[in-house]
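Written below as structure tokens is the structure these notes are about.
The values are calculated or read from the model by the stated rules, or taken from the named source; none is laboratory data. Here the structure is a predicted model, which is why all the values come from computation and not from measurement. We place every Cβ from the backbone using ideal geometry, glycine too, and count neighbours over all the protein chains shown. Each accessible area value is taken on the protein alone, full model and side chains, heavy atoms only, with ligands, DNA and RNA left out. Shrake-Rupley method; radii C 1.70, N 1.55, O 1.52, S 1.80 Å.
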Amino acid sequence: MKNFVVALDGPAGSGKSSICKLVASKLGFTHIDTGAMYRAVTLEALRRNINIDDEAAYVFLKDTRIVYKDNKIYLNEEDVSEEIRTSEVTNHVSTCCKFAYVRDLMVEYQRKSAQHGKVLMDGRDIGTVVLPNADLKIFLTASPEVRAKRRYEEITSKGIEATYETILEEIKVRDYKDSHRDIAPLKKATDAILLDTSDLNMDEVSNKIIELINERLNSMENYMDYDLKKLKVKDQVKGTVIQVHEKEILLDIQQETEGIMYLDHYTNDKSISSFYGLVKEGDIIECEVARISNEDNDGHRHIYLSRLHQLSKLAFQEVLAAKENNEDIPVTVTNLIQNKGYSVEYKGNRLFLPLSQAPQDLKIKSTLVVRIMEVNEARKSAVVSRRVIDQEIYQEEKAKELDSIQVGDVLTGKVVKVENFGLFIRFNYNQGLLRLNQYAHTFTKDITALVHVGDEIEVKVVGKENGKLSLSRKALLDTPYEAYAKTVKVGQTVKGKVTNKLPFGLLLELAADVKGLLHHSEYSHNPNDNFNDFVKIGDEVECAILKMDVEQEKISLSRKALMDNPWTRVHAKNGDIVNAVVTEVTENGLLVDALGVDGFVPASEALTENQNGTVKDYYAAGDQISCEVIEIKPAEWKLRLSIKRIKEQEERKSYEQYLESEETTVTLGDMFKDTLK
């Protein structure tokens, strides 16, 4: 075997260089540390004090000599193996190696270095960019914490001051820069073997890599041990490009004659018209024997090669990698398979998208992102789905929307379902329940007559529990009391219908679902009035608003506030003589109008002892009389009068005129003189 190349990639601090040195020394391989080469470039850039963010400033590389030999890196003949490991270089190397100009120069040198012998090359894009046709690809990795610890121990063992926390942060930053750079980002090649060294020491890692190398060497030696007589069509071969022409290339396939490959057997892309710029000498190409000619006059036969089959295999590796990494892939719809689904294309692979997993109204030639669900490697077929992605997006957006919705929020949603117990209201991704009793403050008998599916409705979130939203429309509406309070004010005269008679007053309906209380104390100024005797259910009563408490839904009313209180004008006391008019004669006495109010003369106070019979014998309605006030209580509307006392006083005055005065002497003889005659 003329040449054998191992590509080893991995993130910063994964131990690539140390492991490769150890493996190379054990197996007799040439070790090429590409990372050291980029570090040397960075060191020179820092020394020259250039603007490291300016790609044009790296023209100095044309006059710079960087050599890697004997496990040491030389910059213009100076051994800089230690200096390139400083933190300053480490922090800037990702910036320096991101430019195409720098990478093209380094990659060209690295490829030439790997053309002969057994080579072990490590870096961050060896298997994906520098040596995509390497005989063995290994991706070495470890957790950031493990890599930081290793780097810390390596640096401090050399007497350099460092902190673990700083190194860990630098590694995380470096990982992000390496994996997100535009040119040759750090990533695992699809055909690379992943080797996690987090729990392995250096000897265990090196032994594992040596084992992988030996296995691949044995298989390669068996594979490459052909002989021209045994070589046949469809045999798999590897060739190194030794000549490049416009329409054909010659490849060294380790046979007595070179292999020939034409452009149309190299690519299916019809837009490519030349090999120039497509491949270069030293490139290694996997291909197969397409045809072997008969011997010519000189006894030679020509071997014609093709990589179209490999292209198909490589293309399907992309599908396998996407499935393994659970990556979503972009596809182009090529045609409709009637009643079954769609044929879609991904990097030359024909995949199947079932109708049940496809968006509606999908157009031919349209592109969409899908996920690989099933793979049949033997048939090189796969089933993809867009639906699972849409469902994930939907669930993510639903969760975001739900997190953003808080109790008290006012939202506008669309009615998606109407039930006799309420409405289901949908927002962008979530829906909530608006129960019937939360639709309005008034009783809603038939919600289906008021609301229909598709209607937009504004609601307030009143509950959120276990991902469920409780909604209310009436919380945004004025209560009947609030609406009524906007139309009236305290002191205003209103009318209400009697709906209930209570021991302490009347309930009046002032408007729909609005009631007020007319307390018995506010029915009349006359405390003796009994509303039960004068009012029945359904009667309309006019009254004034005394007080309103909208929150408590209480309205206090007064009828007497609209009535005159004649007692406010009564100014009398016991013993006063007043004039009165008899309004009614009863067995118990006389009802009279006195001082502008109703008064009462009891029968016992209407007749003197000399008057026989009843009050009806002496008085009639309309009689004008004089009375003495014997009891007056304005607060109780009580006025008791007496006729009898006035008459008794008049009789006493008449009698008193016969009594002897101080100037006259009356004898018994004078008094009985007429009798004695």
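Some points to look at:
- Restricting attention to region 420-442, the residues that are assigned to a strand (DSSP E or B), touching a residue at least 24 places away in the same chain (Cβ under 8 Å) and open to solvent by less than 70 Å² (accessible area, probe 1.4 Å) add up to 6.
- Region 371-420: number of residues that are touching an Asp or Glu at 6+ places or on another chain (Cβ under 7 Å) and within 30 Å of residue 331 (Cα to Cα): 4
- Among the candidates 636, 656, 648, 663, residue that is modelled with pLDDT of 85 or more and either under 60 Å from the mean Cα position of the chain (by Cα) or acidic (Asp, Glu) (or both): 648
- Of the residues making up region 301-353, those that are in a helix (DSSP H, G or I), among the charged types (D, E, K, R) and within 34 Å of the chain's Cα centre (by Cα) are 323, 324.
- Matching helices (runs of 4 or more DSSP H) fully within region 1-115 where at least 3 residues are of a type in the set (Val, Ile, Thr) and surrounded by 14 or more Cβ atoms within 10 Å (Cβ to Cβ): 34-48, 87-96
- Subset of region 385-411 that is touching a helix residue (DSSP H, G or I) at 6+ places or on another chain (Cβ under 8 Å) and not hydroxyl-bearing (Ser, Thr, Tyr) - its residue that is surrounded by the most Cβ atoms within 10 Å (Cβ to Cβ): 386
- Yes/no for residue 562 being open to solvent by 30 Å² or more (accessible area, probe 1.4 Å) and touching a residue at least 40 places away in the same chain (Cβ under 8 Å): yes
- Flag if residue 445 is out of contact with any strand residue (DSSP E or B) (no Cβ under 7 Å at 6 or more places or on another chain), assigned to a strand (DSSP E or B) and surrounded by fewer than 18 Cβ atoms within 10 Å (Cβ to Cβ): no
- Here is the figure for region 589-615: residues that are of a type outside the set (A, V, I, L, M) and farther than 30 Å from residue 522 by Cβ total 11.
- Of all the listed residues (505, 467), the sole one being open to solvent by less than 50 Å² (accessible area, probe 1.4 Å) and either at pLDDT 90 or above or more than 28 Å from the chain's Cα centre (by Cα) (or both) is 505.
- Contact annotation: residue pairs with Cβ atoms under 6 Å, 6 or more positions apart or on different chains, pairing a residue in region 511-531 that is at positive phi and assigned to a loop (DSSP other than H, G, I, E, B) with a partner that is open to solvent by less than 40 Å² (accessible area, probe 1.4 Å) and modelled with pLDDT of 85 or more, are 513/480.
- Positions within region 471-492 being in a loop (DSSP other than H, G, I, E, B) and in contact with a Phe, Trp or Tyr (Cβ under 7 Å, 6 or more places away or on another chain), in sequence order: 473
- If you filter region 348-374 down to residues that are open to solvent by less than 50 Å² (accessible area, probe 1.4 Å) and aliphatic (A, V, I, L, M), you find that the one that is farthest from residue 336 (Cα to Cα) is 372.
- Members of region 600-623 that are assigned to a strand (DSSP E or B) and surrounded by 21 or more Cβ atoms within 10 Å (Cβ to Cβ): 601
- Which listed residue, of 186, 217, is modelled with pLDDT under 85, surrounded by 16 or more Cβ atoms within 10 Å (Cβ to Cβ) and in a helix (DSSP H, G or I): 217
One line per residue, one yes/no per condition, for (1) among the basic types (Lys, Arg); (2) touching a residue at least 24 places away in the same chain (Cβ under 8 Å); (3) in contact with a Phe, Trp or Tyr (Cβ under 7 Å, 6 or more places away or on another chain); (4) not in a helix (DSSP H, G or I):
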| residue | (1), (2), (3), (4) |
| --- | --- |
| 128 | no, yes, no, no |
| 147 | yes, yes, no, no |
| 160 | no, yes, no, yes |
| 170 | no, yes, no, no |
| 178 | no, yes, no, no |
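- Condition met for residue 626 (open to solvent by less than 60 Å² (accessible area, probe 1.4 Å) and not hydrophobic (A, V, I, L, M, F, W, C)): yes
- Of all the criteria given as (1) over 30 Å from residue 564 (Cβ atoms); (2) touching a strand residue (DSSP E or B) at 6+ places or on another chain (Cβ under 8 Å); (3) open to solvent by 60 Å² or more (accessible area, probe 1.4 Å), the one not satisfied by residue 577 is (1).
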